[in-house]
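Working notes, structure below.
The values are calculated or read from the model by the stated rules, or taken from the named source; none is laboratory data. Here the structure is a predicted model, which is why all the values come from computation and not from measurement. Cβ placement follows ideal geometry from the backbone for every residue including glycine, while neighbour counts extend to all protein chains displayed.
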Amino acid sequence: MVKKYYPTIGLEIHAELKTLTKMFCACLNDPDEEKPNINICPVCMAHPGALPVPNKKAIENVIKVGLSIGENNIADFTEFDRKNYFYPDIPKGYQISQYKFPIVSGGHLADFDVTRVHLEEDTANNKHDRGDFSLIDFNRAGVPLMELVTEPKTFDGADEEAAKSASNFAKELQLILWYLGVSDANMEKGEMRVEANISVSSDPKILGTKVEVKNLNSFKSVERAIKFELDRMVKLHEEGKENDIVQETRGWDDGKQKTFSQRKKESSHDYRYFPDPDLPKMKLHEVFDLAEMKKVLPELPMAKRARYKKDFGIKDEDIEMYINDYILGLFFENVCKNFEFNKEKVKIASNYLTSDLQGLKNKDKFKSGSTWNFTELVNMIYENKISSRVAKDILAMIVIADESPLKIAIEKDLLQKNDEGALKEIAKKIINENPKVVADYKGGKEVALMSLVGTMMKETKGSANPQIAKQILKNLLS
Ligand code: ZN
Ligand code: MN
C-alpha cells in the first residue's frame with residue numbers, strides 16, 4: 001500500500017515599508033540610493049546613547065494591512081522589544097522588534113490564517129563580494145520592516161497544491177501591499193522576503209520535524225523550494241530515514257534548484273526578548289481612529305475581482321491582468337464607462353487591451369492617458385467600420401501619437417470597404433495583374449484564391465472586408 005503524506009506549511013514574510021523616513025530616526029528611507037552610507041545617523045548606526053523615536057506612518061501602514069485581512073485584530077496595547085542579535089549588520093547587538101504584543105493578531109488571506117503582523121527594523125546590507133573583506137552599507141539599517149506570520153496549514157496530500165497555495169499567498173499579500181500603497185514589495189530587490197516552514201507527516205494529527213527555507217526571492221522560488229523540500233522529506237520517509245530530517249534552516253539555490261542546509265535553528269528562547277526601555281508603550285485605539293481607517297481603505301483585490309466579474313463578465317485571465325496592472329484596470333474601467341458598459345464593446349475593449357496593446361512599446365504612457373481615442377477605436381470595430389487588421393494598425397498608431405482613430409482611418413483610406421462596386425473594380429485589376437495565380441486557381445488550386453484575397457487586402461491597406469472580397473473574386477473567376 002502506498003502511504004499518504006500530509007505536508008504542513010507556515011509562512012513568514014518580511015516587507016519593507018514605503019515611508020519617507022526610517023523606523024526610529026529621521027534618516028531618509030530611500031531604497032534607490034546607490035551611494036553607500038548616505039542616509040545614516042547615530043540612531044541607525046547604533047552609537048551609544050542615541051535614542052529611537054517610533055515612526056507613526058509605519059505603524060499606520062501595518063494597521064492598514066491588519067484591517068485589510070481581518071476584523072478586530074488590531075492590538076489595543078502594543079510595544080517594541082529587543083531581540084538579541086549578534087551580527088555586524090545591526091551593531092546594537094539587538095534588533096528592535098515586537099514579541100508579546102504585536103500590532104496585528106489574527107486575520108485571514110488566501111488559503112492561510114494569519115497569526116500576527118508586527119513591526120521591526122531592517123538590518124544593514126552586508127557586501128561580501130568585494131574581496132577578502134566585507135563591507136556594510138547602513139542605508140537600509142533601520143528601514144521599517146513588517147513581518148507577517150501565518151498559522152501552519154496542513155494540506156491533504158498534494159505537494160503541488162501546498163506549494164502553489166504558499167506562492168499564491170505571497171502574491172496576494174504583495175497585491176494588498178500595492179493596493180494600500182504601503183510597500184513596493186519587489187521580491188527581486190529584496191523588498192519582500194519569504195521564508196517557509198515545511199514539514200511532512202504520515203499522520204495528519206502529528207506534525208513532522210520542520211525545516212525553514214530562506215532566500216526565496218521570487219514566487220517561482222517559493223513554489224519550487226517547497227516542492228523540492230516536500231519531495232526530499234517524503235523520500236526520506238519512504239526510505240525509513242525520517243530521523244535524518246532535522247530542525248534546521250535551509251537555503252534555496254536558484255541555480256541548482258535545490259535547498260541546502262545552512263544552520264541549526266535556534267529557538268525563540270535564544271533571542272531573549274524583553275521590552276525596549278527606550279521606546280514608549282502604545283495604546284493604538286487612542287492614537288488611531290480604526291473605524292475611520294477601515295472605512296477609507298481602498299478597494300482590495302478580492303472585492304475588485306468580484307466586481308469585475310459581475311460588471312464586465314470578462315474572462316478570469318483578463319480580470320487577473322487588471323488586478324495585477326492597476327493602471328490598466330483603471331483605463332479599462334474608464335473606457336467601459338464611456339460606452340455605458342455595452343457588453344459587446346466591453347469584450348472588444350478587453351481583448352485589445354489584454355492582448356494587442358501588451359506588445360506595444362509605448363503602452364505604459366498610453367494606459368495612463370486619456371481614454372477617448374481608444375473608445376473611438378472600439379466603437380469603430382463594433383460598427384464594422386474597420387477590419388481587425390486595420391484596428392491593430394491604428395491601435396499601434398494611437399499608442400504613439402494622440403490622434404483620432406477615425407481621422408487616421410479617413411486620411412489613410414482605411415475604412416472597411418463593403419461597397420461591392422468599388423471592390424469589384426479593384427478585384428478586376430488584381431485578376432489582370434496576376435495571370436499566373438489566376439491560372440493556378442482555375443487549374444484547381446484553392447489556395448491561389450486566398451493569395452488573391454491577400455493581394456486585395458494589401459491593395460486596400462486591409463480595409464476590404466475579406467469575406468466580401470473573396471466572394472467577388474470567386475464570382476469573377478467562375
Ligand atoms: Zn538614522
Ligand atoms: Mn523578522
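General remarks:
- Verdict on ARG116 being closer than 28 Å to PHE86 by Cβ, within 16 Å of ligand 2 (Cβ to nearest atom) and among the basic types (Lys, Arg): yes
- Listed by position, the strands (runs of 3 or more DSSP E) enclosed by region 71-159 that each have at least 2 residues that are among the hydrophobic types (A, V, I, L, M, F, W, C) are 112-121, 135-137, 144-150.
- Within region 58-70, being in a helix (DSSP H, G or I) and away from ligand 1 (no atom under 15 Å from the Cβ) holds for ILE59, GLU60, ASN61, VAL62, ILE63, LYS64, VAL65, GLY66, LEU67, SER68, ILE69.
- Checked against (1) in contact with a helix residue (DSSP H, G or I) (Cβ under 8 Å, 6 or more places away or on another chain); (2) more than 16 Å from ligand 1 (Cβ to nearest atom); (3) polar (S, T, N, Q), THR19 meets all criteria but (2).
- Some residue of region 71-78 being under 15 Å from ASP276 (Cβ atoms), at pLDDT 95 or above and among the hydroxyl-bearing types (Ser, Thr, Tyr): yes
- Selection count, region 22-57, where residues are loosely packed, with under 14 Cβ neighbours inside 10 Å and more than 13 Å from ligand 1 (Cβ to nearest atom): 6
- Filtered by the rule that a residue be in a loop (DSSP other than H, G, I, E, B) and more than 17 Å from ILE400 (Cβ to Cβ), region 348-384 gives SER355, GLU383, ASN384.
- Residue that is in contact with a Lys or Arg (Cβ under 9 Å, 6 or more places away or on another chain), surrounded by fewer than 17 Cβ atoms within 10 Å (Cβ to Cβ) and in the same structural domain as ALA50 (by TED's automatic domain parsing), where the choices are GLU238, GLU223: GLU238
- Taking the criterion of being buried (at least 19 other Cβ atoms within 10 Å of the Cβ) and either outside any helix (DSSP H, G or I) or at pLDDT 95 or above (or both), the residues of region 406-416 that qualify are LEU414, GLN416.
- Residue match in region 319-328 (condition: under 29 Å from LEU177 (Cα atoms), in contact with a Ser or Thr (Cβ under 6 Å, 6 or more places away or on another chain) and not assigned by TED's automatic domain parsing to the domain that holds ASN465): yes
- Applying the criterion of being at pLDDT below 95 and part of a helix (DSSP H, G or I) to the residues of region 249-284, the residue that is nearest to TYR85 (Cα to Cα) is TYR271.
- Of all positions in region 253-273, none carries a residue that is within 17 Å of ILE13 (Cβ to Cβ) and surrounded by 14 or more Cβ atoms within 10 Å (Cβ to Cβ).
- Taken over region 441-462, the criterion of being farther than 13 Å from ILE430 by Cα and either crowded, with 18+ Cβ neighbours inside 10 Å or of a type in the set (S, T, N, Q) (or both) is satisfied by TYR441, GLY462.
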